[in-house]
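> Input: one structure, supplied below.
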Amino acid sequence: MCLAAPSKVIEVRDGIALTECFGQQREVSLLLMEEDVAVGDYLLIQAGGFAFERVEPERAEESLALMCDLLEHPDSARQLGLNQDAADS
């Protein structure tokens, strides 16, 4: 399973975007993007450094907040998994 954290675009030039996620900056290729990308957009990035999807800001910020919470409280992530397993039964 792969978990992609939305990365915010802070610069765009020549088919490359400089992105930031959790304080880490990374250059990514925009080769796979079918739509224009602008500063402030959120992108999902594949292993290998290719952006493949733009994410609505509200959804991106919600996902990042949830990821931060899970990183800060890993026991709640385990509990969430246990609750989900029970709900699926």
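What follows draws every value from the coordinates through simple rules; no lab data is involved. Note that the structure is predicted; figures quoted are calculated from it, not measured. Backbone-built Cβ (ideal geometry, glycine too); neighbour counts: all protein chains shown.
> Taking other Cβ within 10 Å of each residue's Cβ, how do Phe50, Phe22 sort, fewest first?
Phe22, Phe50
> Rounded to the nearest 0.05, what FRET efficiency is calculated for Arg13 and Leu71 with R0 set to 30 Å and r the Cβ-Cβ distance?
Efficiency at R0 = 30 Å is approximately 0.45.
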